[in-house]
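Submitted below is the structure of interest, expressed as structure tokens.
The values are calculated or read from the model by the stated rules, or taken from the named source; none is laboratory data. Since we're looking at a predicted model, the values are computed, not measured. Ideal geometry is used to build each Cβ from the backbone, glycine not excepted, and the neighbour counts take in all protein chains shown.
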Amino acid sequence: MAAFGVKELVDVLRESAGEDEDVSLEGDILDVDFESLGYDSLALFNTVRWIERDLGITLSDEAIDVEGTPRALLDEINKASTQSV
Amino acid sequence: MKTPLITGLGTVSPNGLGTEAYWAAALRGESGIGPITRFEPDGYPGRTGGEVKDFNPKEHLPSRLLPQTDHMTRLALVAAEEALADAGIDPEELPDFAMGVVTAASAGGMEFGQREMEALWSKGGAYVSSYQAFAWFYPVNTGQISIRHGLRGASSAVVTEQAGGLDAVAKARRHIRQGTPQMLAGGVDSALCPWGWLCMSRSGRVSAVENPSRAYVPFDIEASGYVPGEGGALLVLEDVEAAVRRGVDKPYGAVAGYASTFDPRPGTGQEPGLRRALEMALEEARITAADVDVVYADACGVPELDRLEAEVLAGVFGPRGVPVTAPKTMTGRLLAGGASLDLATALLSLRDQVVPPTVNISRPAHGELIDLVAGEPREARLTNALVLARGYGGFNSAMVVRREA
């Protein structure tokens with residue numbers, strides 16, 4: 001399986017929740033919390049469920065944290081992916 | 001009692017996106033009714049509808065809103081933005097609870113709901129959007145408009161089928177009387193998907209005629225039911241003093257009178273409630289039948305309901321006593337949005353002193369009862385306009401709007 005990185009995360013965010021007009025997802029967003037990126041809990045919920053489905057993994061509900069960052073979420077995803085292999 | 005003013009209009013309609021485009025088309029007698037293209041209507045009774053054409057949501061709305069909105073909510077958000085801009089109101093400049101939203105709905109986001117149900121049954125629960133939580137919900141337009149524009153005053157949704165387009169405005173008027181200075185109100189609706197189409201056609205009132213110019217001909221001897229359409233209007237209602245403080249000098253008009261009634265139980269033989277609603281609305285407006293200059297009819301297109309309405313109008317106004325029109329013959333009936341669009345149209349006719357036509361009428365069925373403005377617009381001195389709306393299941397509403405000098 002190809003690695004799931006920030007580019008893949010941004011793709012899923014755009015498709016499942018859209019993109020705030022006042023925020024750029026192009027720059028270095030790894031350590032910016034999701035709320036500042038324009039995502040509320042439902043948007044993040046939709047995004048995380050989408051990723052779980054596509055990668056065949058299960059993340060804990062703690063992964064859905066609008067105060068969390070893309071870096072933290074990617075860590076969770078990659079940890080879960082390693083376990084599921 | 002104070003009569004709130006209407007100071008802004010936003011409309012989306014099968015024959016025009018935006019108020020002025022719609023109004024120009026309505027005066028030209030240009031219809032937006034045609035074959036259904038949104039889904040494959042084979043196998044359903046009725047294949048003709050009023051679709052809003054060339055609407056690309058990406059051009060009108062931020063992408064954050066797209067995954068979470070049904071088509072009807074997108075149309076409503078566009079109308080809301082237009083109505084606020086038309087009124088010259090920037091909600092960000094208002095105090096926190098100064099403005100609320102009341103919308104009318106029929107069934108919520110049917111198309112969104114159907115898509116997610118399909119995902120559930122064909123692929124499984126993991127494929128259902130989290131936004132299903134609210135995107136299908138009938139008050140969703142109120143919620144999305146409220147969130148987008150920060151309108152946190154008294155807000156709600158009403159569900160009274162076609163009568164809702166007036167009932168929502170009436171409820172907003174009540175909030176204004178209770179102290180909320182500005183309200184956004186009305187209905188924008190759509191259910192042009194197989195599920196929505198099935199629900200509508202089960203009433204037996206949807207026309208099976210395929211010819212777009214013959215499918216919806218109320219008050220004509222060929223009347224065969226109605227054509228469903230999508231769209232509607234949102235209106236800015238405003239307390240008179242608040243409007244004066246803002247320097248509004250040309251409101252569209254005032255909501256002068258309103259009433260709603262419910263039909264008696266079928267089989268009792270009692271008179272339906274339309275006439276009572278009409279008379280109570282005139283009474284509240286403190287006018288008599290002679291003061292009404294134009295009537296926007298409910299115009300259901302079902303022969304016995306058309307006759308009933310024509311008889312009520314002849315009974316109240318005298319035979320051919322007032323010009324009657326149904327510009328919805330150019331859009332179809334827009335569920336909870338239809339009466340709001342009629343109300344907006346009535347206000348535009350007060351502004352421009354012209355009545356838009358009822359189109360495609362070739363042989364009037366009730367020519368001895370009503371003076372139908374058919375084919376061509378009619379210039380007239382207009383001070384008071386009456387809008388009638390009947391909702392499936394027994395709802396009747398009537399609203400009088402008055403031109404402000």
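Identify the residue in region A:60-70 that is small (Gly, Ala, Ser) and part of a loop (DSSP other than H, G, I, E, B) and, among all such residues, is surrounded by the most Cβ atoms within 10 Å (Cβ to Cβ).
Going through the qualifying residues, I end up with A:Gly68.
Out of curiosity, is B:Phe262 within 29 Å of B:Gly367 (Cα to Cα), surrounded by fewer than 22 Cβ atoms within 10 Å (Cβ to Cβ) and within 20 Å of the chain's Cα centre (by Cα)? Reasoning before the result, please.
On the way: within 29 Å of B:Gly367 (Cα to Cα): yes; surrounded by fewer than 22 Cβ atoms within 10 Å (Cβ to Cβ): yes; within 20 Å of the chain's Cα centre (by Cα): yes.
Yes: the conditions hold for B:Phe262.
For residues in region B:54-93 being part of a helix (DSSP H, G or I) and without any contact (Cβ under 8 Å) to a residue 12 or more places away in the chain, which is farthest from the other protein chains (Cβ to nearest Cβ)?
Ranking the qualifying residues of region B:54-93, first place goes to B:Glu93.
Assigned to a loop (DSSP other than H, G, I, E, B), touching a helix residue (DSSP H, G or I) at 6+ places or on another chain (Cβ under 8 Å) and surrounded by 15 or more Cβ atoms within 10 Å (Cβ to Cβ): does that describe A:Gly38?
Yes: the conditions hold for A:Gly38.
Follow-up. State the number of residues belonging to region B:380-401 that are among the hydroxyl-bearing types (Ser, Thr, Tyr) and either part of a strand (DSSP E or B) or under 20 Å from B:Pro357 (Cα atoms) (or both). Even if it seems obvious, please write down each step before you answer.
So the first thing to find is which residues in region B:380-401 are among the hydroxyl-bearing types (Ser, Thr, Tyr), and the list is B:383, B:392, B:397.
Narrowing the set further to residues that are either part of a strand (DSSP E or B) or under 20 Å from B:Pro357 (Cα atoms) (or both) leaves B:383, B:397.
Residues flagged as among the hydroxyl-bearing types (Ser, Thr, Tyr) and either part of a strand (DSSP E or B) or under 20 Å from B:Pro357 (Cα atoms) (or both) within region B:380-401 amount to 2.
Quick one: which of B:Asp167, B:Asp189 is under 20 Å from B:His71 (Cα atoms) and crowded, with 24+ Cβ neighbours inside 10 Å? First the steps, then the outcome.
Details: B:Asp167 fails: under 20 Å from B:His71 (Cα atoms).
Only one candidate qualifies: B:Asp189.
Given the structure, is B:Gly43 free of Cβ contacts under 8 Å to residues at least 60 places away in the same chain and farther than 28 Å from B:Gln182 by Cα?
Yes; evaluated as a whole, the condition is true for this residue.
Further, regarding this structure: Mind telling me which of the residues A:Leu73, A:Leu13 ends up being buried (at least 19 other Cβ atoms within 10 Å of the Cβ), touching a helix residue (DSSP H, G or I) at 6+ places or on another chain (Cβ under 7 Å), modelled with pLDDT of 95 or more and within 14 Å of chain B (Cβ to nearest Cβ)?
On the way: A:Leu73 fails: within 14 Å of chain B (Cβ to nearest Cβ).
The unique qualifying residue is A:Leu13.
Is one or more of the residues making up region B:196-204 crowded, with 24+ Cβ neighbours inside 10 Å and in contact with a helix residue (DSSP H, G or I) (Cβ under 6 Å, 6 or more places away or on another chain)?
Checked region B:196-204: at least one residue is crowded, with 24+ Cβ neighbours inside 10 Å and in contact with a helix residue (DSSP H, G or I) (Cβ under 6 Å, 6 or more places away or on another chain).
Something else about it: Pull up region B:98-145, narrow it to residues that are of a type in the set (D, E, K, R) and closer than 29 Å to B:Gly338 by Cβ, then point me to the one that is surrounded by the most Cβ atoms within 10 Å (Cβ to Cβ).
Result: B:Glu111.
Before we move on, is B:Arg276 at pLDDT 95 or above and surrounded by fewer than 23 Cβ atoms within 10 Å (Cβ to Cβ)?
yes
It is to be established whether one or more residues within region B:347-357 are among the acidic types (Asp, Glu) and crowded, with 24+ Cβ neighbours inside 10 Å.
So far as region B:347-357 goes, no, none of its residues is among the acidic types (Asp, Glu) and crowded, with 24+ Cβ neighbours inside 10 Å.
Taking region B:146-164 as the search range and keeping residues that are buried (at least 19 other Cβ atoms within 10 Å of the Cβ) and more than 17 Å from the chain's Cα centre (by Cα), which one is farthest from the other protein chains (Cβ to nearest Cβ)?
That would be B:Ala154.
If you go through region B:286-299 one residue at a time, do you hit one that is acidic (Asp, Glu), in contact (Cβ under 8 Å) with a residue 12 or more places away in the chain, farther than 15 Å from B:Val373 by Cα and part of a helix (DSSP H, G or I)? So that I can check it myself, show each step before the final result.
Keep residues of region B:286-299 that are acidic (Asp, Glu), which gives B:291, B:293, B:298.
So of that shortlist, the ones also in contact (Cβ under 8 Å) with a residue 12 or more places away in the chain come out as B:291, B:293, B:298.
Among the residues that remain, those that are also farther than 15 Å from B:Val373 by Cα are: B:291.
Checking which are part of a helix (DSSP H, G or I) leaves us with B:291.
Yes: region B:286-299 contains one or more residues that are acidic (Asp, Glu), in contact (Cβ under 8 Å) with a residue 12 or more places away in the chain, farther than 15 Å from B:Val373 by Cα and part of a helix (DSSP H, G or I).
When you check A:Asp31 against the structure, is it outside any helix (DSSP H, G or I) and surrounded by fewer than 14 Cβ atoms within 10 Å (Cβ to Cβ), yes or no?
Yes; evaluated as a whole, the condition is true for this residue.
Kindly provide the set of residues from region B:313-346 that are surrounded by fewer than 24 Cβ atoms within 10 Å (Cβ to Cβ) and either out of contact with any strand residue (DSSP E or B) (no Cβ under 6 Å at 6 or more places or on another chain) or in a helix (DSSP H, G or I) (or both), ordered by number.
Of everything in region B:313-346, those that are surrounded by fewer than 24 Cβ atoms within 10 Å (Cβ to Cβ) and either out of contact with any strand residue (DSSP E or B) (no Cβ under 6 Å at 6 or more places or on another chain) or in a helix (DSSP H, G or I) (or both) turn out to be B:Ala314, B:Gly315, B:Val316, B:Phe317, B:Gly318, B:Pro319, B:Gly321.
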